[in-house]
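The values are calculated or read from the model by the stated rules, or taken from the named source; none is laboratory data. Quick caveat, the model's predicted, so the values are computed rather than measured. Cβ atoms come from the backbone with ideal geometry, glycine included; neighbour counts cover every protein chain shown. Protein only, heavy atoms only, side chains kept; ligands, DNA and RNA dropped before computing areas. Shrake-Rupley method; radii C 1.70, N 1.55, O 1.52, S 1.80 Å.
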Amino acid sequence: MDNAAERVEDFFTILDTQKFRDKDVENILDHDYVFWMGDLNFRLDDMSRTEVERNIRNNNFEALLKNDQLIKCQEEGIIFDDFTEGKITFPPTYNAKNRVPAWCDRILHLVHEDSFENITLSAKQIHYTSHPVYQNSDHKPVTALYEIQSDFKHLKNYVSYIWAADDAEKFGQKGVTLTFKAKSVTVEPGTYRLCYI
């Protein structure tokens with residue numbers, strides 16, 4: 001697994017160095033919900049660019065995923081042990097000239113289902129896809145839609161929110177993202193989109 005050791009080291013470095021002010025949830029993995037997303041940079045093992053491109057043309061993603069370093073690391077219990085990733089039904093998100101395409105850009109989630117006495121937390125992934133329309137990078141962004149069970153009581157319990165428009169790619173390279181104060185939110189809990197661009 002070429003270069004996978006570096007990715008594993010990156011994972012543990014983040015866990016060791018990212019600390020939160022609340023001592024009850026000082027570590028990332030202490031939170032009720034953890035969404036880990038970004039360019040995780042895992043590659044495909046033992047496959048040539050030609051072989052990968054042929055499988056992509058034939059929509060044979062299962063053959064490619066058998067060689068995916070992130071999936072192998074999870075199966076071996078090295079990292080992302082308790083994390084879940086939705087079914088990958090889209091072509092590799094990384095495709096640089098003269099490099100082997102791979103699913104570098106990912107969204108995984110972890111739920112501590114038993115965090116509360118009277119509620120079982122859950123995260124059901126409804127949708128997981130890439131957006132190949134973005135052409136300004138050799139990485140294509142991925143998005144996921146989740147249905148989440150939480151202890152969300154009222155909008156006023158929170159300080160600020162970030163919202164991104166659906167189909168933001170229609171707005172050009174920068175897309176659309178808004179950040180606003182909780183007092184500006186007038187819609188009760190509902191469907192929200194989580195994405196990495």
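Here the scattering of segment 24-75 is modelled by Debye summation over its C-alpha atoms, one equal scatterer each and no solvent; at q = 0.15, 0.21 Å⁻¹ the log10 of I(q)/I(0) is -0.57, -0.82. Of 127, 109, the order by accessible heavy-atom surface (1.4 Å probe, DNA, RNA and ligands excluded), from most exposed downward, is 127, 109. In a reduced charge model with +1 at each Lys and Arg Cβ and -1 at each Asp and Glu Cβ, segment 5-128 shows a dipole moment near 880 debye about its Cα centre. Dipole orientation for segment 1-73: of the candidates 11, 55, 71, 55 has the Cα lying most toward the positive pole (charges on Cβ; Lys, Arg +1; Asp, Glu -1). Can you classify segment 1-135 as rounded, prolate or oblate using the Cα gyration tensor, where a ≥ b ≥ c are the square roots of its eigenvalues, rounded means a/c under 1.5, and otherwise it's prolate if a/b beats b/c and oblate if not? Note, shape of segment 1-135 comes out prolate.
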